[in-house]
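Please treat every number below as a calculation from the coordinates, not as lab data. Just so you know, these numbers come straight off a predicted model, no measurement behind them. No Cβ is skipped: glycine too gets one built from the backbone with ideal geometry, and neighbour counts run over all protein chains shown.
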Amino acid sequence: MNPQLIVTSNPEPDELAIIGARLSAFNDADVGRSERTPLAVFVRGENGQLLAGISGYTAWGWLYIQWLFVDESLRGQKMANRMLTAAEDEARTRGCHSAWIDTFNPVAEKAYRRQGYEVFGELPDFPVGRTRKFLKKSLISP
């Protein structure tokens, strides 16, 4: 066998799906089933337009918030807080004990800290001139 190494900026969706499925199978055998389930929270306007939202998933007892966006028209109204609370509540019903999120935006970091998240890691200059911060929160009441 003579494997060929290929670098691309345009991977085929089915190839990415194969990699994901194989890694998931490996991880399931290694540490147990993740029970990975998508989780989204949407805020829609009067005409149904998407104004804000969260996209992430729950797995291995954790909520991971991959994306959180609030349209300019809703900023300053604690919409991020409301969406995070909804996502955290759903995660608890799924049996999650903790949540995590990352950001390089100082305004977003303040919002997450107000929600009870604490920094547990940092990557300086990611992107250059900013620090990407990783934050976590326990979803279990003390």
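Among residues of the stretch 98-123 that are surrounded by fewer than 18 Cβ atoms within 10 Å (Cβ to Cβ), those with a beta-carbon under 7 Å from a residue that is assigned to a strand (DSSP E or B) and small (Gly, Ala, Ser) at least six positions away or on a different chain give the pairs SER98/SER138.
What are the residues in the stretch 98-109 that are over 17 Å from LEU39 (Cβ atoms) and outside any loop (DSSP other than H, G, I, E, B), if any? Across the stretch 98-109, the qualifying residues are THR103, PRO106, VAL107, ALA108, GLU109. Does at least one position in the stretch 110-126 carry a residue that is within 29 Å of ASP28 (Cβ to Cβ) and assigned to a loop (DSSP other than H, G, I, E, B)? Among the residues of the stretch 110-126, at least one is within 29 Å of ASP28 (Cβ to Cβ) and assigned to a loop (DSSP other than H, G, I, E, B), which makes the answer yes.
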